[in-house]
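These notes concern the structure reproduced below.
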Amino acid sequence: MADPLRFRDDAAADEPAVSLEAFLDQPHATSVRLEAGDDARVLAPALDRIRLVEIDFPKFRDGRGFSSARILREMGYAGEIKATGDVLIDLVAFMRRCGFDSFAPDLPLNPDDVRAALNRYPNVYQPAADGAVPIWQLRHG
Amino acid sequence: MYKYDHYDQAMVDARVAEFRDQTRRRIEGHLTDDQFKPLRLKNGLYLQLHAYMLRVAIPYGTLDSRQMRKLAHIARTYDRGYGHFTTRQNLQYNWVKLEEAPDILAELASVEMHAIQTSGESIRNISADHYAGAAADELIDPRPWAEMLRQMTTFHPEFSYLPRKFKIAVIASAADRAALRWHDFALRIVENASGEIGFEVFAGGGMGRTPFIAFRIREFLPTAQIFSYLQAVLRVWNRNARRDNIHKQRMKILVHELGQEEFTRQVEAELAHYLTLGTDFPQAEYDRIAAYFAPPPFETGLSDEIDRSDPDFAVWVNQQVAAHKAPGYAIANISLKPIGGIAGDISAEQMDLVADLAERFSFDELRASHAQNLVLPHVRKTDLYAVWQALRDAGLADANLDLVGDIIACPGLDYCSLANARSIPIAQQISERFADPARQRDIGELKIKISGCINACGHHHAGHIGILGVDKKGSESYQLLLGGSGDEETSQARIAGPGFDEAGIVDAVERAVERYRAVREPGERFIDTYRRVGMDGFKEAIYG
Amino acid sequence: MKILTGNDLKTGAVIWWTGADWSIHVADAADVGDQGEAILAAEDAARRVNNGYAIDAERTPEGVRPAHIKDRVRALGPTVRPDLTLKPADPNAGNWVI
């Protein structure tokens, strides 16, 4: 059975993620770690070589990482996006919608709680990075 | 009025189930208070001075009789028989038990209501002109767009953990009855030279400890781009706001640090990106929603005459009734500001009565205003007398709309854990001081707004006369401000001088009012006189 | 004196530490000296109090009087609704707060 906190079928990246500054200095690095204040858009020229982007949540209230993940997916990045730091169960569903597909929080999450949270809402009002069909589209076919 | 379909209902029902589960986890000890607090706040549940307080969203201030009766039922069953209408068209219950909060949310869901995102760092309830759909001066009904915005902003995955709260207002007339430019993001529906409908957009307003009036950041935005545009604004703010100081995280701070030009430039750049993504809601969805807001079947051929032979009724009509778009109809304002009463408070019995009146006389519609009053939006002029009689018998027929007695006041230190001083007793004493209705009418339009702390829920920055309660070495003290406004000529009130104690502030207000009466020119309102003579024209009269 | 207050987790009611239990009457509040933090930690962990904190107060002929007006409002109830306070029969009860 797949690790419930990783929602991908490919093998996990084995290279530790380096800081954005270090990543930009290392032309062969494939894993990068974004702090909450880092600008995800500077990764645009390097997207082809990235296998893992870790996005840190220093406090669960700090929602900058949601935008970073959306921006990566909007740029076409298809590799792994991992949420780290103060990731509480109640963030996970929103994170999945923003394009996160793995979770390595400071405090481990109960997989049953994660499943319940991901299945809580039957639909969504807005299109996002997860491809879920928004309610308006269900209404109008 | 909008009706939920099974999709909307399922979302609200899921929210109730989620909160029931979260509440159970808290009561059983699986969540700490620190972990639970943001969850309850996203459902409008605060811990206040005496109990939990629940803030119920009234989207764009519109209610029907079934919903109002449900609010009355909740007040009786779960609270202490009353509710409080707020300055953002919401309703608050002051005596909620945590263990019963999920049941209240379930009751609300049964009448298509909720408390979603009424607190916390989220996109709050969308407010609108309380005369929407009725006002003679509106271009179109702004509520379909407000409902679209409600759906666009409910559980938005990227923007549910924002730097701070985010407040949106929508109007569709030149007259601003919604304090547009005091909002983080505000839309005025306009028509361009080609006859197309679009939005004039304002951003970066807000009260609180650092008040700012919103800049206009777009003269005309095509309606089809509104979701892209709103997301562009939110993303610029979410990515660039400070996160290290809660007092500097509102969007108004970023907007004013970057300046109107640079903020606008960044929003336009982000908008260009969003437009490539195709996330906007289609016209068909607007059309579907707008159909719910089709005008009610107004009768034609009705008389526009109002029999004013009963003098008390005539006074009420002159003060409380506004022009309606349909001939023979009127907008009737219901004052929740009885002399010596508590601004915005309404008993369960009064809620039921108002619901009955809406059903009988106003096509089943009610509105809550940001000034903490209620509105019957569609009353036949020939029914006004019957409406007034019923209101009079229920103690709801005060004729003080926009007069000195129509004071906005936050709950203050009588209820609120953030407050530094009491607001309600000041409002009560001022309204008693000016109790004489003839004196009130002679003074004319005068908007007094009282907050019990710098968070400014009582809108003191926007008061013609504003009052701010502060803590002065453990006692309550009150600052006097003059010259604010929340209408189309928005202005920020300025502090007049040193503060006063409780008795002193009431005297100071009276001295300011008497100064106005002494120096006003014919036709001038208080605010007009203030703008002409300035603070200097009042200072000596106030401080001697 | 130092006294402890907070809210009942389930009902939200304002409560005061009596030395052995929690009471809704501030008059029952006990002086906890320097033991406040330890008591609050234990009571919070047992979910017998929510949002508990220690405050200064003094013993007066009328009973225990919290030092800060906010806690006096909490002890009585809203001054503008005497009927909903703990002393509904006393129309002047609000004066104690000020």
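What follows is calculated from the coordinates using simple rules that are stated; it is not laboratory data. Just so it is clear, the model here is predicted, and its values are computed rather than measured. Neighbour counts run over all protein chains shown; Cβ positions are idealised from the backbone, glycine included.
Give the residue, chosen from B:GLY29, B:GLY44, that is crowded, with 23+ Cβ neighbours inside 10 Å and touching a Lys or Arg at 6+ places or on another chain (Cβ under 7 Å).
Details: B:GLY29 fails: crowded, with 23+ Cβ neighbours inside 10 Å.
Exactly one residue qualifies, and that residue is B:GLY44.
Among the strands (runs of 3 or more DSSP E) confined to the range A:40-141, the ones with at least 1 residues that are hydrophobic (A, V, I, L, M, F, W, C) and out of contact with any Leu (no Cβ under 9 Å at 6 or more places or on another chain) are located at A:52-57.
Among all positions in the range A:70-78, there is at least one residue which is touching a residue at least 40 places away in the same chain (Cβ under 8 Å) and either touching a His at 6+ places or on another chain (Cβ under 9 Å) or surrounded by 21 or more Cβ atoms within 10 Å (Cβ to Cβ) (or both).
Scanning the range C:1-28 for residues that are out of contact with any His (no Cβ under 9 Å at 6 or more places or on another chain), in a strand (DSSP E or B) and closer than 21 Å to C:ALA93 by Cβ gives C:ILE3, C:THR5, C:ILE15, C:SER23. Each residue in the range B:436-457 was checked for being more than 25 Å from the chain's Cα centre (by Cα) and among the small types (Gly, Ala, Ser), and 1 pass. Scan the range A:112-120 and give yes if some residue there is in contact (Cβ under 8 Å) with a residue 40 or more places away in the chain, surrounded by fewer than 14 Cβ atoms within 10 Å (Cβ to Cβ) and either at the interface with chain B (Cβ under 10 Å from one of its Cβ atoms) or closer than 15 Å to A:PHE7 by Cβ (or both), otherwise no. Checking the range A:112-120: at least one residue is in contact (Cβ under 8 Å) with a residue 40 or more places away in the chain, surrounded by fewer than 14 Cβ atoms within 10 Å (Cβ to Cβ) and either at the interface with chain B (Cβ under 10 Å from one of its Cβ atoms) or closer than 15 Å to A:PHE7 by Cβ (or both). Within the range C:55-98, being surrounded by fewer than 19 Cβ atoms within 10 Å (Cβ to Cβ), outside any helix (DSSP H, G or I) and of a type outside the set (D, E, K, R) holds for C:ILE55, C:THR60, C:PRO61, C:GLY63, C:ALA67, C:HIS68, C:LEU86, C:PRO88, C:ALA89, C:PRO91, C:ASN92, C:ILE98. For the range C:46-85, a residue qualifies if it is among the hydroxyl-bearing types (Ser, Thr, Tyr) and over 28 Å from B:ILE342 (Cα atoms), and the qualifying residues are C:TYR53, C:THR60.
Residues of the range B:528-544 that are more than 10 Å from B:ALA496 (Cα to Cα), part of a helix (DSSP H, G or I) and either in contact (Cβ under 8 Å) with a residue 24 or more places away in the chain or within 31 Å of the chain's Cα centre (by Cα) (or both): B:ASP528, B:THR529, B:TYR530, B:ARG531, B:ARG532, B:VAL533, B:ALA541. Using the structure shown, decide if B:LEU302 is in contact (Cβ under 8 Å) with a residue 12 or more places away in the chain and under 30 Å from B:PRO437 (Cβ atoms). So B:LEU302 fits the description; yes.
Scanning the range A:39-69 for residues that are among the aliphatic types (A, V, I, L, M), more than 13 Å from every other protein chain (Cβ to nearest Cβ) and surrounded by 18 or more Cβ atoms within 10 Å (Cβ to Cβ) gives A:LEU43, A:ILE50, A:LEU52, A:VAL53.
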